[in-house]
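Working notes, structure below.
Nothing in this text is a laboratory measurement; each read-out follows from the coordinates by a stated rule. Everything quoted here is computed from the prediction, not taken from an experiment.
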Amino acid sequence: MTEELEGIARDVVDAAMKLQMALGPGLLESVYTVLLEKKLTERGHAVEREKAIPVVFEGVQFEMGFRADLIVDGCFIVELKSVERLAPVHAEQLLT
């Protein structure tokens, strides 16, 4: 499984860097998300976009507790940010 995840990670980073170099900064996150989904699909990956992930707390289930930007091959979450700087909350979002 580790080799599979490393292969997915390589494809995600490579495709994201190529998109960033071609388009530059400043577009909406949704634009980068759709285009990255397209590029990863072209590379043979199964990609789910804006997938709702439920959160359960003290027996209460929230169906839309978190929305993953992309899930690649059912095992790799991609959280895109289109911001000038990453803030500590961005890392917390991903860890959550």
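Here is how the numbers come out for the structure above:
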{"read-out": "Sequence-separation-based contact order of the range 2-95, relative, with Cα cut under 8 Å and 6+ spacing, percent", "value": "23"}
{"read-out": "Estimated D of the range 2-95 in µm² per second, where Rh is the Kirkwood radius over Cα pairs and Stokes-Einstein applies at 20 °C, 1.002 mPa s", "value": "149"}
{"read-out": "Extension reserve of the LEU86-PHE57 stretch, reckoned as 0.36 nm per residue once the Cα distance is removed", "value": "7.7 nm"}
